[in-house]
1. Working with all protein chains in place, sort B:D482, B:D297, A:D191 by solvent-accessible area computed with a 1.4 Å probe, largest first.
2. Sort A:V154, B:V545, B:V340 by accessible area with a 1.4 Å probe, largest first.
3. Leaving out same-chain residues fewer than 8 places away, which aspartates and glutamates sit with a Cα under 18 Å from that of B:K396?
4. For segment B:616-629, just list the computed ³J(HN,Hα) in residue order, Karplus coefficients 6.51, -1.76 and 1.60, θ = phi - 60°, integers in Hz, with x standing in for Gly and Pro.
5. In segment A:137-160, which residues have a backbone nitrogen under 16 Å from the label point lying 7 Å from A:Q109's Cα in the Cα-to-Cβ direction?
6. Given the DSSP H assignment, sum -39500 (n - 2.57) over each helix run of at least 4 residues in chain B and divide by its residue total; what's the result at 222 nm in deg cm²/dmol, nearest 500?
7. If a/c stays under 1.5 just call it rounded; otherwise compare a/b with b/c (prolate if a/b is bigger, oblate if not). Do that for segment B:28-183, with a ≥ b ≥ c from the square roots of the Cα gyration tensor eigenvalues.
8. Could you compute the FRET efficiency for A:A136 and B:E606, with r as their C-beta to C-beta distance and R0 at 22 Å, rounded to 0.05?
Amino acid sequence: MRLVERLPEGLQAWLVRGDTVGQQPIGLRYRRIFILPTRAGLGYTGMLIVMWLAAMNYGNSMAFALAFLLAGLALVFTLHCFRNLLGLELRCQPPEPVFAGANAAFPLQLNNRSRRPRLGIELHREGSLQEASDIAPYDSTVLTLQRKTTARGVVAAGRSRIISRFPGGLVFAWSWIDVDSECLVYPRPADTGLPLRFSGTSDSLHKTAGEDQDDFHGVRRYQAGDPLNRVNWHSIARGLPPQTKLYQSAAQNGLWFDWHRLEGMDNEQRLSQLCRWILDAEEQGLRYGLRLPHTEVAPGQGAPTAINV
Amino acid sequence: MACACLIRKSRPVKAPPLPSMSENACLMPRMTRNQAMALPQPLLLALLLTLAAILLPHALRLPAWITAAALGLGLWGYYLNRSGRRLPAGWLRGALTVGIGTGIVIHHGTFIGLQAGTALLVVMTALKLLELRRRRDLLVVLYLGYFLILTQFFHSQSIPSALYLLAAVWAMTAILIAVQQAPATATAQPQFRLAAGLLAQALPIMVVLFILFPRLPGPLWALPDDAHSGITGLSETMTPGAISELTRSDAVAFRVEFDGALPRRDQLYWRGPVLTAYDGYTWRRDSAAETPLPIYDIGTDTAIDYTIVLQPHTHNWLISLDRPITAPSRSRLNRELELVTASPVYDSRRYSLSSRASNTLPAALPPDQRQRYLQLPPDRHPKAQAQAQEWVAADKSEEEILEAAVRFFSTRPFTYTMNPPRMQRDAVDEFLFETQRGFCEHYASAFVVLLRAAGVPARVVTGYMGGEFNNVGDYMIVRQSDAHAWAEVWLPERGWLRADPTGLVAPQRIELGLGGAVADTEPVPRMARGDNSWGRQLRLYWDAVNQRWDYWVLGYGPELQQQVLARLGLVDSKRMATALIVAVATLLCLLSLFLLWETRRAPPDEASALFQRFCRKLARQGIVRQPHETATGFARRVADECPELAAKAELIATLYTRLRYEPTPREQWLQRLREAVATVPPR
């Protein structure tokens, strides 16, 4: 249980070695599934012992039979609990990047290859339940591992557990998994948005989403990622495939977000501010460029914003 | 694509993780602290009905107010749970507990004891229903319910009772499974089918444990006195009318299996408690008779071996055939040839022993004992005393006095009846000289009084006489209607001899049993009559079933276990322990094989396997399918990179997609897929 997490790192790694869940599916095998009684199970065992003592004291055969039946039931529960996890296929899906401060989500796909449903499959991390699900026969489900992020960078999913208490909740079976997945964490956007004045600008300010003063340039086939406010909805209404309207922006130069112009801030704050400006600019549909100490990105719309300094 | 993330920024970021749910989280927590947990109604209803069903057999024994209190508390708990109102405060529950507990103690006189304990258990369960805040409380209720089922077995282990309680165990298990499911995936219905399957799988384990798990001879702690009430049977005292009262019941007292030939009917005297103390009305068992007697065996006739399964009768003696020459384990013979056990017989007890009718020890009688067996209240029964003095005055020896007493009964007009007139003043005198109508206890009592008054040591023996042979099962049934009382007389040079005055008056009682000895108008219970109706036959069949149940299952105690194990070759405890572990392990292995067989290699559908094979073949050629590629997408890429396989790849992809996703795939597609994949190089 949480006991393992208190052991030294080396010992932990040895205990839970092997089961790395990556892009390829892995199945939970015999050696990797452990079973222990729960607290309810310990209470049940105590009840059984008292029953057995009472039966022995009165020499009552049916009382023995009941105690033995319930003991057999506990053993059967254990087998079923084990079976619930055995053979479960796990695979991780690529996580979406998040901003610092939000929770990084690592989706795990659980695939049930057997003809029996797997009930009450729980995903735990650091002793607390993240998500739980039932999986129908030949079905799969996605459970998400969440991890808090504080700073930008890359966050690994780390170690988590798949637990099942079904049926009866008297024993619980678990398997440690090392999810081999990393999530990109963008810097937290700063609080202050785009100021009224910025470098290399035209007088086109605060373009709201629906209003553009650019010239209509033409249409092209819709590509994933094109802003939805540029989609030609009329064509869709007519039954044509989706198209994006193209505009030639009046402001040829666009905005420049300059690292070097941010004075009095440390690296992280500058990154935060730049991030915020980029988000705002993107939301407003402006053209902008980014100037960083080592790279420079030319103005464009929808420029890649992977900040990997 | 990165910009896509930005655009989707408008969608809210994933909510913060669920609040940490420890194992004790509520099934579905409610907001206020003192509220009952929100149990789904089907589960709650099932729980209450099951508890009521478990309570029902107990309610027949418990005082009515306890049953009413339990039902009331249960309904109140149900209402609180459904309505979501606040649970009663701690002090109220505490007050209820103390109040009801006190009531139980007052009623039963003690806390300890089966009756009081059961009542307490019932009330605790009902009170816990008022306290259902978390899942842990619900578990406590379920465990208490299992306990209540157990306590019912201390009162009845019959087959119908066992089946009824098995159904209750099934229901409780179904509720347990439903309650214990993870909150996110909880169901509202008790899981009956699953519980039935699991219990069926647990049954073989139960059988193995039942047979092999060592049965240590109990009891571990002193059993309380109160346990059973309402069980009929012989008692430690005998008053006029007591035995005839007992014979109105045809409940089974015990069943006997004989090894070998059946004894003659006149040998079937079943020895129970011996009564020596007399106060003019009541005969009592003498506590000073507890001195044990070493077993002796000097009889001359053939020994009879038999096994008795004795129904519970709450006293601490065992019935034996007159006269026992062995004492079963956990019992010993005392000076009055009673088989006394350490603990009262609360449950069916099975034991084997041997007897010889002529096993009489001609030892001398020490003076203090002689005094006890001559004890009579001085101011009672003047006429009987006078009659006895006549015999003494005639200078008769003891044998002659005995003969005179025998003649007294055989020559006078005595009648054997279950309904003698009530005697007002002096039971013995009125019976001997006025009414001359009585049942076996009157005859035995009067006989012993006469002999004692004449200076011949004598005592009353109660027990059973006769029995009915059940052809169906090859055993003999002895019922309460066969209850009997007779006398034993001590003669010098000969020891204690049996003398049955009933045999002098109504010899048919010996030969035919109660039904044949009294008039038809007497209240002989149904099964004691000699008729041969089909109803009787059915009851005999059912009795045979019960006999097997009693003999093999209920009577499975340390002695029978030793016999069974010896037959299996497991003579010492080490071998038995090994056998137990091996048997349970084997069962678990078999069960595991059965359950886990299919997860050994989950059979993938053949279409997937074929497609995988296709992908592997192409991987060897350098075209590796990416995880995100669909079948058709992959096929298109193959067509681009390897044009000669274009047509085949497209065919395979189409077939595979159809087989996977169409609701009714056709077998010929599978066949074509097989062929197509087989022809893809490298073969």
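1. Values: B:D482 20, B:D297 75, A:D191 140 Å².
So the residues, ranked largest to smallest area, are A:D191, B:D297, B:D482.
2. Working: A:V154 90, B:V545 70, B:V340 5 Å².
If we order A:V154, B:V545, B:V340 from most to least accessible, we get A:V154, B:V545, B:V340.
3. B:E493
4. With the stated coefficients, segment B:616-629 comes to 5, 4, 5, 4, 5, 8, x, 9, 9, 6, 7, x, 8, 7 Hz.
5. Counting only backbone N, you get A:138-145.
6. That calculation yields -14500 deg cm²/dmol at 222 nm.
7. Numbers: a/c = 2.29, a/b = 1.22, b/c = 1.87.
It comes out oblate by the Cα gyration axes.
8. Details: r = 21 Å, r/R0 = 0.96.
After rounding, the FRET efficiency stands at 0.55.
The values are calculated or read from the model by the stated rules, or taken from the named source; none is laboratory data. All values reported here derive from a predicted model rather than from experimental measurement. So basically every Cβ, Gly included, is an ideal-geometry build from the backbone, and we count neighbours across all protein chains shown. Heads up: the accessible areas ignore ligands, DNA and RNA and are worked out on the full protein's heavy atoms, side chains in. Shrake-Rupley method; radii C 1.70, N 1.55, O 1.52, S 1.80 Å.
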